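**Student:** Below is a structure I'd like to ask you about.
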């Protein structure tokens, strides 16, 4: 059986491998109803089945499908009829008995007698009950009747004078589980149900509509039509041979789909006019007298009380999406006056709100994930309630809040939890009613903050977060009690309490208001602030962020007397903040830590800062230089245990002991223990980031320690001198990490304090000496020792083979170079006479390979450490502005980092100091700047995947079979030295690489726990041989853009060589009348063309980073770029087109005006293929960059 495109969309909705795929399918379903509005009911009925799916992802995707579908349906605003007194009460009569209303609704009775809604009804287990099958049929029917009445709450019907005996009969209950086909009469109750669980719900809805006295004729007819429709749909579901497309059997002829005659596309023959019948889009709303989504919403309202929590959750999701787009039109009936429509709409909204409130009262389903309860049904229904309250009048909002407040008095914590969720969204949505609602609900929310259940406290705090401003302004006398309650709550919170995040966030928001800080603190901040310490290392990042924001608020808004409460806790605060920096893996929180640290140093008296920090400066440096793979000594960390609630009983005490034992075994690592399992590149990135931030903190602290007012000559011990000795001690060590940590601190300190001769004079000679040292660092002791042992074992094996190397080896300890020579050249020369198939040679070769592997491992690790030590040391020398006479030891490690360092942070760091070096050397003679710039420009053009070669702009096609297809067959556009469009070639190649993949889709990579900036990691499927080119180009691009930003407007004046190297070749190929002699350019050869390509590559990189004041200077060369679009070399045209694209992004109006005037008409130059290709490629680059701009703007 063929599967239609529509069926495939529904299949993707259910089985899509990723959320993106499911969402795309949902969006396509929305487009279907846009093009075929008559398919609305069919689509919605199918989506309804997916809203009832047991899969969470499927229900979410179905909700997105509902959103997409209803967004493409016109809003329901039927034209009101003129007011007619004789028929004024007709609609009122029809609607008054259709809906639930607050006037007749008693939430207390529902709470007392209503059956709880749990995870499921357990019917899946009841079907396996053998005792039911053994019962007498009459006994079984009686038992079913009693169970059904109890489930529906009908056993209380006699108490209120209602006769429930005739609501259903024995035929309705006689549903044999053994038969696979239902009898026709059974569909009356079970129609439309996917399982027996639905029987009670449909019966409940039947009762809900039938026991109301005085049903109108319209209501009865409507009920009959709905029953027929449901029965017909159920019969379709039961018949597997029945087709799923539309069927109108049994419906009146006038209800069939209407069509419209339209003229379609005509053939060439003029004497024929073709007319086709298509569904009329306008007939959909004309056929019905009620809102098109009315029946769908009724189904969802029924599902709100389904025993299965998945169905309830799907119903809430669907209602939420409908209310977003069509909440203003529900309930309105055609043929009513304007006043009646308004009344009908309010009655519909009121009915829906009451049903949602019933869910809050009855739902008991909750799951516990991580640190908090997850109540998907209540949360989703609360969101739906929030959307519904947008469309209800003020009286309805007031009655809703009244019911919610009654829920807060219930003994069940789930009921209180649901009530607070409703209040939370009511306050967030109806901001216009805050002056009325907030005073009314605040006492109940305040009680919720003190609730015995932690999840209730969490929602209570979250409910106040959106209305903090209104709370402070409208009820300032209530704020002090709330703030003190929050401070006290911090004593009872720990890593496992759910309310931690909400309480910390609410507290930090409240403390941003001066009046709160002034009048609400009944205790000293010296006592209160330490309660925040435990949350600086909370397992949830949002809690850590809220704790830091609380500290920052208290510090940044502090007055003159802040030292009174800061000084007693200053040392502990410094220690906690710094160790948070060492252990943090989130970039956002690291930046917040820096803000708090800097604010603390500025608010606290300098002498107290120095006194509190000097004893711990050495320990903090040790934390900063901690090896990434070794756990931190816990004695170096300040541990704070939050005071837990006083729990009695042996069980509680035993649990507490177990928790403390677990905490003792926790190991902490630099940049967070959660990143230890990441890949090596990610782990190195986060560790370097933590060290760089720690260096900024200690650099700011060194600035305070070196304050001249605290380092007078008369002092016996000056803090700056002690600091210099401490730094010098670590610089003299043989540890690479110790040296790196100290020079990073020096860099950051020098950036804040330009001169401190006492410290800089102590460390400068040592820094210059380090630049010339070749040292085997302590960090490679283990692989270095293993290398020595394996080399000696190899020599011993060679000696057993009568090969003596003592004459050629004159050392007891091998250097890496000597060891490498041993396992390569020396081994090959001495074993050349052995039989390569002998056991002796095979044994020697195996040992040689093992030794060579160890030598390579040791060499790579040493080279990385050596390169980083020298690079950071060069940065420190530049920061201190004490350049030596010979700059080569300074420049070499910086350029090596640009070319070889794979860590993007270190590359960026080196780029910033190269810019500073160029500035310091601008007036130096001889000036090294031209040579440095030349090397940078060459490095920017080293990657052939980005900068094409003039002689061979694209790599030759590979003849090998790749995935069963010849690669050359996949690319149809041919590019050579003078013809072709490189952009088109690359697009086709990229598309071919995607479409030629075989087999299942690759598994999605594990989501990293850290945030990496774009470009910091490289594609894993790229060729390893191209990796060095990518790293070198990336480093050069960082440096060139950093130089452009660093010099700003003075770029052309301070670095004339760079500017000339960028635009000089461009001007040289263009004649005075802005033309180009192609023959002359061909005669100049490939080298001249490559020089032009390279200069255009540098221009493309730097243009986007140049100061806005230099844009007119760039635009002067726009005609030259247009001329290069006619260049005979394909690579030149390609680079010129890319430069035009960059300029169109920077100066859109000027570039596009010139482009339209000078270049666009080249598209019609059929006699000049070069012009055509140049204009096409330029247009493609412009459109590509402009689409990126639009996409970024939409995001």
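The values are calculated or read from the model by the stated rules, or taken from the named source; none is laboratory data. Quick caveat: nothing in here was measured; it's all calculated off a predicted structure. Reconstructed Cβ throughout: ideal geometry from the backbone, glycine too, with neighbour counts over all protein chains shown.
**Student:** Here is a list: 878, 898, 932. Which entry is closer than 26 Å to residue 764 by Cβ, assigned by TED's automatic domain parsing to the domain that holds residue 1056 and surrounded by 22 or more Cβ atoms within 10 Å (Cβ to Cβ)? It would help to see each step written out before you state the result.
**Tutor:** On the way: 878 fails: assigned by TED's automatic domain parsing to the domain that holds residue 1056; 898 fails: assigned by TED's automatic domain parsing to the domain that holds residue 1056.
None of the other options fit; the residue is 932.
**Student:** Hey, can you tell me all the residues within the range 1127-1140 that are buried (at least 24 other Cβ atoms within 10 Å of the Cβ) and over 20 Å from residue 1186 (Cα atoms)?
**Tutor:** 1127, 1129, 1130, 1131, 1132 - these are the residues of the range 1127-1140 that are buried (at least 24 other Cβ atoms within 10 Å of the Cβ) and over 20 Å from residue 1186 (Cα atoms).
**Student:** Regarding the range 782-794, can at least one residue be identified that is closer than 30 Å to residue 748 by Cα and touching a residue at least 60 places away in the same chain (Cβ under 8 Å)? Break it down into steps so the answer makes sense when it comes.
**Tutor:** Filtering the range 782-794 down to residues closer than 30 Å to residue 748 by Cα leaves none.
No, that holds for no residue.
**Student:** Here's a follow-up. Please go through the range 318-332 and pick out each residue that is surrounded by fewer than 21 Cβ atoms within 10 Å (Cβ to Cβ) and not in a loop (DSSP other than H, G, I, E, B). If you could, list the steps in order and put the result at the bottom.
**Tutor:** As a first pass, look at the range 318-332 and keep what is surrounded by fewer than 21 Cβ atoms within 10 Å (Cβ to Cβ): 324-326, 328-329.
Result: 324, 325, 326.
**Student:** Still on this structure, I have one more. Please go through (1) free of Cβ contacts under 8 Å to residues at least 60 places away in the same chain; (2) outside any helix (DSSP H, G or I) for residue 882 and return the number of the only condition it doesn't satisfy.
**Tutor:** Going through the list (1) free of Cβ contacts under 8 Å to residues at least 60 places away in the same chain; (2) outside any helix (DSSP H, G or I), residue 882 breaks only (1).
**Student:** Same structure again: If we scan the range 1125-1141, do we find a residue that is modelled with pLDDT of 90 or more, more than 30 Å from residue 912 (Cα to Cα), out of contact with any helix residue (DSSP H, G or I) (no Cβ under 7 Å at 6 or more places or on another chain) and in a helix (DSSP H, G or I)?
**Tutor:** no
**Student:** Among the residues of the range 416-452, what is the count of those that are in contact with a strand residue (DSSP E or B) (Cβ under 9 Å, 6 or more places away or on another chain) and under 19 Å from residue 489 (Cβ atoms)? It would help to see each step written out before you state the result.
**Tutor:** Pass one, the range 416-452, residues in contact with a strand residue (DSSP E or B) (Cβ under 9 Å, 6 or more places away or on another chain): 417-418.
Applying the additional criterion that residues be under 19 Å from residue 489 (Cβ atoms) yields 417.
The total comes to 1.
**Student:** While we're looking at this one, here's another question. Failed condition for residue 464, given (1) out of contact with any helix residue (DSSP H, G or I) (no Cβ under 6 Å at 6 or more places or on another chain); (2) within 26 Å of residue 551 (Cα to Cα); (3) assigned to a helix (DSSP H, G or I), with all others met?
**Tutor:** Looking at each condition in turn, residue 464 falls short on (1).
**Student:** Okay, moving on. Looking at 818, 852 in this structure, which one is touching a residue at least 12 places away in the same chain (Cβ under 8 Å) and either assigned to a loop (DSSP other than H, G, I, E, B) or in the same structural domain as residue 900 (by TED's automatic domain parsing) (or both)? Give the steps one after another, and end with the answer.
**Tutor:** On the way: 818 fails: touching a residue at least 12 places away in the same chain (Cβ under 8 Å).
The unique qualifying residue is 852.
**Student:** Sticking with this one: All but one of (1) at pLDDT below 50; (2) surrounded by 15 or more Cβ atoms within 10 Å (Cβ to Cβ); (3) farther than 22 Å from residue 1180 by Cα hold for residue 970, so report the exception by its number.
**Tutor:** Residue 970 satisfies every listed condition except (3).
**Student:** Taking into account only those residues within the range 334-346 that are surrounded by fewer than 20 Cβ atoms within 10 Å (Cβ to Cβ) and not in a loop (DSSP other than H, G, I, E, B), which is nearest to the chain's Cα centre (by Cα)?
**Tutor:** Keep residues of the range 334-346 that are surrounded by fewer than 20 Cβ atoms within 10 Å (Cβ to Cβ), which gives 334-335, 337-339, 342-343, 346.
From what's left, not in a loop (DSSP other than H, G, I, E, B): 338-339, 342-343, 346.
Numbers: 338: 47, 339: 47, 342: 42, 343: 44, 346: 39 Å.
Per the criteria, the residue is 346.
**Student:** Still on this structure, I have one more. Could you tell me how many of the residues in the range 759-780 are assigned to a helix (DSSP H, G or I) and either under 18 Å from residue 732 (Cβ atoms) or in contact with a strand residue (DSSP E or B) (Cβ under 6 Å, 6 or more places away or on another chain) (or both)? Steps first, answer last, please.
**Tutor:** Restricting attention to the range 759-780, the residues satisfying the condition of being assigned to a helix (DSSP H, G or I) are 759-770, 778-780.
Among the residues that remain, those that are also either under 18 Å from residue 732 (Cβ atoms) or in contact with a strand residue (DSSP E or B) (Cβ under 6 Å, 6 or more places away or on another chain) (or both) are: 759-770, 778-779.
Count: 14.
**Student:** Now for a different question. Do we find a residue being part of a loop (DSSP other than H, G, I, E, B) and modelled with pLDDT of 80 or more anywhere in the range 1020-1028? Walk me through it before giving the result.
**Tutor:** Within the range 1020-1028, the first condition is being part of a loop (DSSP other than H, G, I, E, B), and the residues that meet it are 1020-1023.
If we keep only those that are modelled with pLDDT of 80 or more as well, we get none.
So far as the range 1020-1028 goes, no, none of its residues is part of a loop (DSSP other than H, G, I, E, B) and modelled with pLDDT of 80 or more.
**Student:** Pick from 397, 429: which is farther than 23 Å from residue 484 by Cα and under 32 Å from the mean Cα position of the chain (by Cα)?
**Tutor:** On the way: 397 fails: under 32 Å from the mean Cα position of the chain (by Cα).
Being farther than 23 Å from residue 484 by Cα and under 32 Å from the mean Cα position of the chain (by Cα) holds for just one of 397, 429, which is 429.
**Student:** Of everything in the range 914-952, what is assigned to a helix (DSSP H, G or I) and without any contact (Cβ under 8 Å) to a residue 60 or more places away in the chain? Give them in sequence order. Full working, then the answer.
**Tutor:** Going residue by residue through the range 914-952, those that are assigned to a helix (DSSP H, G or I) are 914-920, 929-940.
Hits for the range 914-952 are 917, 920, 931, 932, 935.
**Student:** For the condition surrounded by fewer than 22 Cβ atoms within 10 Å (Cβ to Cβ) and either outside the structural domain of residue 1176 (by TED's automatic domain parsing) or assigned to a helix (DSSP H, G or I) (or both), what is the one hit in 1074, 1099, 1082? Write out each step before concluding.
**Tutor:** On the way: 1074 fails: either outside the structural domain of residue 1176 (by TED's automatic domain parsing) or assigned to a helix (DSSP H, G or I) (or both); 1099 fails: surrounded by fewer than 22 Cβ atoms within 10 Å (Cβ to Cβ).
Of 1074, 1099, 1082, the one residue that is surrounded by fewer than 22 Cβ atoms within 10 Å (Cβ to Cβ) and either outside the structural domain of residue 1176 (by TED's automatic domain parsing) or assigned to a helix (DSSP H, G or I) (or both) is 1082.
**Student:** Working only within the range 781-815, note down all residues that are part of a loop (DSSP other than H, G, I, E, B), under 53 Å from the mean Cα position of the chain (by Cα) and exposed (fewer than 15 other Cβ atoms within 10 Å of the Cβ).
**Tutor:** Kept after step one, since they are part of a loop (DSSP other than H, G, I, E, B), are these residues of the range 781-815: 801-815.
Checking the rest, the ones that are also under 53 Å from the mean Cα position of the chain (by Cα) come to 813-815.
Once the filter is applied, which keeps residues that are part of a loop (DSSP other than H, G, I, E, B), under 53 Å from the mean Cα position of the chain (by Cα) and exposed (fewer than 15 other Cβ atoms within 10 Å of the Cβ), the range 781-815 yields 813, 815.
**Student:** Next question. Could you list, in sequence order, all residues of the range 378-410 that are in a helix (DSSP H, G or I) and closer than 20 Å to residue 309 by Cβ?
**Tutor:** Quick first cut of the range 378-410, residues in a helix (DSSP H, G or I) only: 378-389, 394-407.
Hits for the range 378-410 are 378, 379, 380, 381, 382, 383, 384, 385, 407.
**Student:** Same structure, new question: Counting only residues that are over 39 Å from the mean Cα position of the chain (by Cα) and either buried (at least 20 other Cβ atoms within 10 Å of the Cβ) or free of Cβ contacts under 8 Å to residues at least 60 places away in the same chain (or both), how many does the range 1102-1117 have? Please lay out each step first, then the result.
**Tutor:** Step one: list which residues in the range 1102-1117 are over 39 Å from the mean Cα position of the chain (by Cα), which gives 1113, 1116-1117.
Then drop every residue that is not either buried (at least 20 other Cβ atoms within 10 Å of the Cβ) or free of Cβ contacts under 8 Å to residues at least 60 places away in the same chain (or both), which leaves 1116-1117.
Here the count works out to 2.
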